Structures are given as C-alpha cells and as structure tokens.
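Note sheet for the following structure.
Nothing in this text is a laboratory measurement; each read-out follows from the coordinates by a stated rule. Being a predicted model, the structure only gives us computed values, none of them experimental. Glycine also receives a Cβ, built like all others from the backbone with ideal geometry; neighbour counts cover every protein chain displayed.
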Amino acid sequence: MDKRSFIKNLGVMGVGLSAGFSQLRKAVAAVEHISPLDLADDEEFWLKVRGDYQIKPDYINLENGYYCFLPQQTLEHLIEHMRSLNYEGSYYMRTVQFENKNRVASAVAEIVGCNSEEVVITRNTTESLDLIIGGLDWEKGDEAVMAEQDYGAMLNHFNLVEQRYGTVNRLVSVPNHPQSDEELVELYASAITDKTRLLMISHMINITGQVLPVRKIVDMAHERGVEVMVDGAHAYSHIPFKMRDLDCDYYGTSLHKWLSAPLGSGMLYVKKQKIDRIWPLLASRELEPNDIRRLNHIGTHPAHTDLAILNAIEYQNTLGLERKAARLKYLQQYWTSRLQGVPGMIINTPAEQHRHGGIGNIGIEGINPVELADRLMNDHRIYTAAIDRPGVRGIRVTPNVYTTTDELDIFVKALQTIRV
C-alpha cells in the first residue's frame, strides 16, 4: 500500500469496520422480524439503544432539538479521527482531505436519494440557507415570502438583504392546527405576487414540530414561477423522505441535530441546474459554475468533523431510520395523548400523525413560557426550551431515541403539578 492510500484509509478509520457497533447490530438482528411501528413501544429494545449514550444524570434532557449529542460509538470515532489528523497534519489536509469530504457528501446525499453533485457539507442549517439568501442576485423590489414561525437566523438574513438591496419580505403566519393541506397551500399562495422571487418554508417547523406539505406548496410556487427553499433542520434523519419527492430548489439542514453527527456539521442541497445562479459567500479556487463545491469555501476547518459524519450515518443505518422515526413519533404521541384535552394545557403541535414527528410544543394557560421552562428545570429537573413567538407560546419538547417512557411519565406529572 502506498503512502497516499494509507492516508486515505486512515482518514476514514472505523468506517465500515463496525468497531463498537456489534452490540447494536446484535440487538437489531433480534428484532428484524418486528415492524418499526410495532417496535416503537418495545422499551426493552430501546433501553439497549439508550446504553449507547452517556447520559448526564442531573436532569431529564428533553431538548435534543438544538443538538442531538453523539452515541458513544460515534464519539469514539470522532476522537480517533482527531488523533489521526493530528498525526498526519498538513499532509492529510493537502492530499485527500477534499476527496474524503466528497465521500461524506455522497453518503449524506444517499440518505435522501439525491445526486451527490447537488450536495455539499456545511456547518449548519443557518450557513446552508443563508448562502442561498445572500447568494441570489436580488434587485430592488424583488419579494421573498416566509413565515413568522420560521427560524430567526434566516428571517434575520432576509431582513439584511431587504436593507441592502431594497427587497420586500412578505410574512405569513402558519396556524398550529391547520384544517387541511389546502389551507396551508393557499396561505402561502396568497402572499405570492408577480414580484415574488423566493419562497422559504420549513419542512418541520422548529418551534412546534409541525410537518408542512412541502411538495404541494412547492408545486403551487413553481406554477407561479417562484423558487422554493426548504429549511430541513429538523426533518433530515428524523422523518424519512426523498429529495425527488419534494422537488424543491434548495434544501438545508444541520447534521448535528437528528443524525447525531458532531457539532458544526450541516448539508446544503441545490438542484443541479440552479447551482450556477448562486454567488458564493467567499471566493473559491477556479471551479466550474455548476460545481456546488464553490458555494461553501470556508478555508481551513476541522476535517475530523466531516469524517465522523460517516460514523453517524453508520450508526443510523445500523439502527434503521424507519425504526428511529417510528420511535420518535411514538414518544411524542405518548406524552401529548396524556395531556390532550386537559384543562389549561395548550398543545401547539397538530395531533394528526402525518403532521408531526418527535417534536411537540405545549403551554399552560396563565404561565409565561420562560417561567414554565424554569419551573420544570428548577423544581423537577427537566430541561426543555421556552418558546415565545408569534402564535406559539409554550415549551418545545424534543426527546431522542434514548428517552424512556418513564422519563416522559415524570414530565407529564410535572406539568400536571405546575398546572394546579
């Protein structure tokens, strides 16, 4: 083996070797005959998955939406990648760094069934989508449509573009409990004019967990000649989907959320025919206009993070995305069903199965969201995220695959105690 091949293999150490995955593979093999839906409430199986995580005992963590921390197998691989790159130094960075990053992009693209030439690895959803917002050739009077419930970082960047170029931002407000897909499609359609250039929608609204009918909204917008950018921060590796089924023009996500990849890892998808229309944030080396790699040149960065994405994908593939998605949805329904209809409880997430995944949001009448989150943490040692946004006042609850129903029972009881 020559030195270059050795470096390449060393750079992806652990990938495909199943190091540390034997127990998980054994647990999964024992339940292969059980459907993901039937396995979702098998606490014995999910306790085995929980064993892959080092869990801080000081509180019950129901705020995985910001960052889903790594199972130990992925963490150990990340540490090993750091050691390897520290050992190889500049030689690795000057030789196969970019080749390996392309391999990571291909693996990330495979999860959603798209062309690897349409995907690039970024650091998070904000970077991914702001590259599009800031990279379009805006002209004075151009309009963009988005929702009040969308993520603040993207709304802020649209505001920056408005101040800089004289564009116009048109905001809609997404109802927490829509009556139909058509209601949501019409909501966005009503904001589109002949000056609208870009429509941003959330695949899964980050503050409530509501899943939007992306394809129907995309089709409506395309019929009107409007491009669609999708915020997929909470949908990727959370709910199964294929990019071709969405048909959006741009899609961004954070891999450190539901894929449980290391912090500072994300993905940007751009339709092949749209790539050459976007200006990069930073000038890259000479690349073809339709080469997506020119969009995320950021200089020297921690390449070990990129490599550990492959290990996070291996963990997810071993567990199975369908099993994971079914468990997350089951956990959401487990606690919301116990509080649905209880006087004073305000559930801000749709109950219909196709309109949510594992994220939920709940408020209590007469209690400020910050106060509610503080009381849960201070009095009951339960960590959640306070949400006080237009139309949404409550706490966001985001369990992960390691969360137990016993923990959710404690959470439900705590809310009932606070309500009284």
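General remarks:
- Taking the chain as a Gaussian network of alpha-carbon nodes connected by springs under 10 Å, the highest mean-square fluctuation of the residues Val342, Val218, Val401 belongs to Val342.
- Over 20 Å between alpha carbons, listed pairs Lys26/Lys329; Lys26/Lys48; Lys26/Lys257; Lys242/Lys272; Lys48/Lys324; Lys272/Lys324: Lys26/Lys329; Lys26/Lys257; Lys272/Lys324
- Size descriptor for segment 97-313, Kirkwood hydrodynamic radius: 17.4 Å (Cα pairs only, one decimal).
- Fluctuation leader among Ala283, Ala233, Ala147 - the chain, Gaussian network, Cα springs under 10 angstrom: Ala283
- Based on Cα contacts under 8 Å between residues 6+ apart, segment 97-313 shows a relative contact order of 26 percent.
- Label-point separation in nm, Asp409 to Glu365, each point 7 Å along Cα→Cβ: 2.9 nm
- If you take all other residues with their beta carbon under 11 Å from the beta carbon of Leu70, and give Lys and Arg +1 and Asp and Glu -1, the sum is -2.
- Placing dummy labels 7 Å off each Cα toward the beta-carbon, the span from Tyr91 to Gln340 is 6.1 nm.
- Here the relative contact order of the chain, from alpha carbon pairs under 8 Å that lie six or more residues apart, stands at 23 percent.
- Equivalent-ellipsoid semi-axes of segment 311-420, from the Cα gyration tensor, Å, largest first: 26, 15, 13
- Calculated from backbone phi, Karplus (6.51, -1.76, 1.60) coupling profile of segment 232-238 in Hz, x at Gly/Pro: x, 3, 10, 9, 4, 6, 10
- Inter-part distance, segment 250-267 to segment 72-127, computed on C-alpha centroids, equals 12 Å.
- Most positive-pole-ward Cα, Tyr188, Ala414, Leu268, against dipole of the chain from beta carbon charges: Leu268
- Förster-model FRET efficiency, 56 Å R0, Asp276 and Thr417, C-beta, rounded to 0.05: 0.45
- For the chain, a Gaussian network of Cα nodes joined below 10 Å ranks Arg244, Arg170, Arg381 by mean-square fluctuation, and the top entry is Arg244.
- Estimated from helical segments only, the mean residue ellipticity of the chain at 222 nm is -13000 deg cm²/dmol, where each DSSP H run of four or more residues counts as -39500 (n - 2.57).
- Scanning residues 5 or more positions from Ala235 or on other chains, those with amide H under 5 Å from its amide H are Met204, with H placed 1.01 Å from N in the peptide plane.
- Dipole of the chain computed with +1 at Lys/Arg Cβ and -1 at Asp/Glu Cβ about the Cα centre; of Val228, Tyr251, Gln54, farthest Cα towards the positive end is Gln54.
- Under 19 Å of direct C-alpha separation, and excluding same-chain neighbours fewer than eight residues apart, Lys413 reaches these aspartates and glutamates: Asp58, Glu63, Glu365, Glu371, Asp374, Asp379.
- Within-13-Å neighbourhood charge of Val342 [Cβ basis; K, R +1; D, E -1]: +2
- DSSP-defined antiparallel bridges as percent of all bridges, the chain, nearest 5: 55 percent
- Note on Lys216 and Glu32: the extension gain reaches 62.8 nm, defined as 0.36 nm multiplied by sequence separation minus the Cα-Cα distance.
- Per residue, the Cα convex hull of segment 70-165 amounts to 172 Å³.
- Theoretical FRET efficiency, 1/(1+(r/R0)^6), r = Cβ-Cβ of Arg285 and Asp374, R0 41 Å, to 0.05: 0.25
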